[in-house]
Structure formats: structure tokens, C-alpha cells
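Take a look at the structure set out below.
The values are calculated or read from the model by the stated rules, or taken from the named source; none is laboratory data. Here the structure is a predicted model, which means the values were calculated and not measured. A quick note on method: Cβ atoms are made from the backbone with ideal geometry, for glycine too, and the neighbour counts reach across all protein chains shown. Note: accessible area is taken over every heavy atom of the protein model, side chains too, but ligands, DNA and RNA are not part of it. Shrake-Rupley method; radii C 1.70, N 1.55, O 1.52, S 1.80 Å.
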Amino acid sequence: MNRSRLAAAALAALAVAAVGGCGDPGGLEGAGATPTAQGPTHLWPDLPSPSVPAEDYGAIESVKVEGVEVPKGGLREVDPVDVVRADFAENPGTYERSDSAYQETVERLEDCAEDGSGEKGRCPVLKAYYRDLTGDGEDDLIVGVATPDDNLDIRVYAERERQLTQIMEMSDAVLGVELAGRDLIIRAVSSLAGYEYHTVWSWDSHQKTMLPTSDEIVRAPNAPRPKTPRPSPAKPSGSGTPSAGSSSAGGGR
């Protein structure tokens, strides 16, 4: 078959396809009216800028911890109890030195055994964890200190040129702590019954500290469900009594 015959056959096929597709329901159809998009509305555009920033519990500054030498092996070679003792002695953190909880915590630190296991159950230092939170390839040290006010004081330490540095400190009524990648996620009690706080702490390369990059209040997973009244049974049609085959009020269960 030569090219002219091939061209004629192709044109005939196109004509058949065009005739057969006249009533094709697979074409585009209108989706109806589209709601008008609403952009963001700026409230009080003339509001003056505040002269003093609000107090922020997440305004963390790095603090050097003196008195603890970091070996060449890194923070895994340092006794976490020694780190906490040195840090609490110089840095009360969220506490005041006059707070009884802080004073009692310092006293209990003296009861910790050299291996960190504690004596008579009074050592407040929990098991230490290690994770590279700063992204420098070296493990950082994460410690938790149980304080007498039923809070958990969480502190994170990094090494900078063999210098021990605290890069995070917070204290709260903690429900749980998780590590996700390089983030530290803390669940804490909320004053709103049935809810809890979820705060994600992440390394900030500009501030050189861990900062709360996400803070939200969510429904607690074990919160009791609200009691909802059962729907009333449907009334039978008409004004007479139900027929013999119908169920009585209240359902058949």
C-alpha cells in the first residue's frame, strides 16, 4: 500500500471516530457555582507596635556549665549526675534559689551515687539519653530531673570546643517526652480538663539553643468522651396506638 492509500485510510478512520464521538458523555462538565475566594483580612491595621515584648517561657539562652570537663570521647564519657550538680549549682533555671523545690532538689543531688543510680531512691536524676539535636554530628546529652513539686526539669547539653553548654532548660508537669529525629516533643498537663499541651523543641542555629518551634493544646488521648443523650425513638405515624407488629416505645434492645 502506497502513501496516498495510507493517507486516505487515515482520513476515513478519523471521520468514523468523529461521528462516533458526537454523543460522548466523557467530556468536561460544569461543576456548578464556585464560592468566591476570601483572602486574609488584617484586623486593626493601624495597631501600634508594642514597646516591650511579652514574657516568653521559650526565650532560652545557652549557658556554659563550669566545673565539668568533657573528655575527647564526648558527652557519653561524662557522668550525667556531675553535669546536673554543676548546672544546678550555678543555674536555677526556671526556679528561684529561694524556692523550696529548688533547694530540696539540690539536697537530693547529694544523695546520688557515683554511678548515678542514687541512694535510698532520693536521687532525682533520671536515665540520660543521647541524640544529635544540633546537627553537628555529635551526640548531645538529655537529662531529666524529678523535682519535689511533681514537675520534671528537662535540660539538654551540647559540647562546644570541649566546653559543656546547656542549650535547653524547662520545667513542667510533664506527661511524656519523645524524640523524633532532631526534635524533642514534650507532653504536659493542661489546666483545661481533658486536654494537654504538646510542645516541639528544635535546634535554632541562629540563637544557638533549642527553641519551642511548635506549641499546641490538644485533646488528651485518654480523655473521657462527652456524654451525649440518646435520640428519642420515632413516634408512629397517626394518632392511634401502634399496630400489633410494631415495637413499643424505647426500641427493641
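Kindly indicate which of S232, S205 is exposed (fewer than 11 other Cβ atoms within 10 Å of the Cβ) and at pLDDT 90 or above. Write out each step before concluding.
Numbers: S232 fails: at pLDDT 90 or above.
Result: S205 is the single residue among S232, S205 that is exposed (fewer than 11 other Cβ atoms within 10 Å of the Cβ) and at pLDDT 90 or above.
For V174, work out the one condition from (1) open to solvent by less than 60 Å² (accessible area, probe 1.4 Å); (2) farther than 20 Å from V65 by Cα; (3) at pLDDT below 95; (4) of a type outside the set (D, E, K, R) it doesn't fulfil.
Exception for V174: condition (3).
What number of residues within segment 61-87 are part of a helix (DSSP H, G or I) and more than 32 Å from the chain's Cα centre (by Cα)?
Narrowing segment 61-87 to residues part of a helix (DSSP H, G or I): 75-77, 80-87.
From what is left, the residues that are more than 32 Å from the chain's Cα centre (by Cα) are none.
The total comes to 0.
Enumerate the pairs (first residue in segment 203-217 and within 16 Å of V177 (Cβ to Cβ) and aliphatic (A, V, I, L, M); second residue anywhere and surrounded by 14 or more Cβ atoms within 10 Å (Cβ to Cβ) and at pLDDT below 95) with beta-carbon separation below 8 Å, excluding pairs fewer than 6 apart on the same chain, so at least 6 apart or on different chains.
M210/I60
Where in segment 133-234 are there strands (runs of 3 or more DSSP E), lying wholly inside it, with at least 1 residues that are touching a Leu at 6+ places or on another chain (Cβ under 8 Å) and of a type in the set (G, A, S)?
The strands (runs of 3 or more DSSP E) meeting that bar are 140-146, 152-160, 163-172, 183-189, 195-204.
Of the conditions (1) at negative phi; (2) modelled with pLDDT of 60 or more, G194 clears all except one; give me its number.
Among (1) at negative phi; (2) modelled with pLDDT of 60 or more, G194 violates only (1).
For the subset of segment 144-162 comprising residues that are touching a residue at least 60 places away in the same chain (Cβ under 8 Å) and under 19 Å from the mean Cα position of the chain (by Cα), which member is surrounded by the most Cβ atoms within 10 Å (Cβ to Cβ)?
Among those that are touching a residue at least 60 places away in the same chain (Cβ under 8 Å) and under 19 Å from the mean Cα position of the chain (by Cα), it is D153.
Which number in (1) of a type outside the set (D, E, K, R); (2) within 28 Å of S100 (Cα to Cα); (3) touching a strand residue (DSSP E or B) at 6+ places or on another chain (Cβ under 9 Å) marks the one condition that G121 misses?
(3)
For segment 97-119, indicate whether the set of residues that are open to solvent by 60 Å² or more (accessible area, probe 1.4 Å), modelled with pLDDT under 90 and touching an Asp or Glu at 6+ places or on another chain (Cβ under 7 Å) is non-empty.
Yes, the conditions are met somewhere in segment 97-119.
Would a scan of segment 168-188 turn up a residue that is closer than 14 Å to D82 by Cα, touching a residue at least 24 places away in the same chain (Cβ under 8 Å) and touching a Gly at 6+ places or on another chain (Cβ under 6 Å)?
No, segment 168-188 contains no residue that is closer than 14 Å to D82 by Cα, touching a residue at least 24 places away in the same chain (Cβ under 8 Å) and touching a Gly at 6+ places or on another chain (Cβ under 6 Å).
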